[in-house]
Amino acid sequence: MNDYIHDDGTPDAPQAPRERTPGEHTPRERTPRERTPRERVPRARAPRERMRTQGAAALSDAELLAVVLGRAPRGTSAVAHAAELLAARGGIAALFAANGAPREHTPALVRLHAARELLLRSMHERLARRDALANPGQVRSYLALLLRDLPSEAFVGVFVDSQHRVIVALELFRGTLTQTAVYPREVARHALRLNAAAVIFAHNHPSGVAEPSAADRLLTDALRTALAQIDVGVLDHLIVAGNRCVSFAERGWL
């Protein structure tokens with residue numbers, strides 16, 4: 001204590017402690033953080049542990065999503081948070097759709113879109129090492145994942161070399177809910193730039209109806225004619241709508 005001593009040797013009277021108003025804290029006083037009680041999951045039942053011991057196929061949709069997200073808001077478990085996201089979005093397919101508005105890009109959705117992009121790149125790498133015509137199922141799976149959840153029509157070209165190995169998949173044109181303007185001259189320019197030997201075309205029908213229209217067939221004929229002038233073939237044209245994928249080649253239209 002540093003009491004003040006007067007000239008006559010008498011100490012200053014001690015000061016009474018200052019009264020504090022209700023709710024006021026001392027400098028060192030801390031307010032305990034309130035925590036919502038949360039049920040602890042036994043380690044053997046935790047999604048990560050079950051995935052390690054039983055494999056990913058043993059986990060539910062919510063448990064797999066919880067593993068991907070990694071964390072949950074305070075006061076809830078990762079699995080419960082994942083289940084809420086699935087219910088709010090309407091399932092896995094809707095959750096992975098890439099058409100969310102910027103304001104909806106929460107940390108959880110950002111992680112999911114990053115996971116989706118990694119999956120697309122992995123599939124693209126596998127296609128680049130193999131004959132696209134010998135692996136039509138992989139080509140369809142890649143294009144379905146790329147296109148099926150888009151809110152508007154998109155026209156994609158998968159350019160391949162002389163061995164039918166994928167060079168690159170490009171979104172060439174983007175349109176509206178019901179149509180896309182496609183310019184054969186622009187497609188030919190890309191094919192020349194990439195030194196491509198052939199192209200697989202694909203576009204989506206956001207309406208959910210996979211049946212090709214008369215306009216789709218006319219467009220494909222126009223593309224074949226334009227590309228034939230530069231010795232580039234058209235291997236297929238796929239229409240993606242929901243979980244369906246229609247092939248022009250399989251119908252004998254090419």
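The table below lists the values:
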quantity: Per-residue HN-Hα couplings for the stretch 55-70 [Karplus 6.51, -1.76, 1.60; θ = phi - 60°; Hz; x = Gly/Pro]; calculated: x, 5, 5, 7, 8, 6, 4, 5, 5, 4, 5, 4, 5, 5, 6, x
quantity: Accessible solvent surface per residue of the stretch 131-180, calculated while the other protein chains remain in place, 1.4 angstrom probe, Å²; calculated: 45 Å²
quantity: Dimensionless Rg over Rh [the stretch 150-254; C-alpha; Kirkwood]; calculated: 0.94
quantity: Ranked by how many other beta carbons lie within 10 Å on average, peptides 51-58, 138-145 from highest; calculated: 138-145, 51-58
quantity: Alpha-carbon Rg with Dmax, taken over the stretch 109-165, Å; calculated: 12.4, 39
quantity: Peptides ranked, highest mean first, by Cβ atoms within 10 Å: ranges 111-119, 155-163; calculated: 155-163, 111-119
quantity: Sulfur and carbon atoms: percent of accessible area, the stretch 115-254 [1.4 Å]; calculated: 50 percent
quantity: Hz values of 3J(HN,Hα) by residue in the stretch 230-239 - Karplus curve (6.51, -1.76, 1.60), Gly and Pro given as x; calculated: 10, 6, 10, x, 10, 7, 6, 9, 10, 10
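The values are calculated or read from the model by the stated rules, or taken from the named source; none is laboratory data. Here the structure is a predicted model, which means the values were calculated and not measured. As a convention, Cβ positions derive from the backbone with ideal geometry for all residues, glycine included, and neighbour counts pool all protein chains shown. When the accessible area is computed, the model is the full protein with side chains, heavy atoms only, and any ligands, DNA or RNA have been set aside. Shrake-Rupley method; radii C 1.70, N 1.55, O 1.52, S 1.80 Å.
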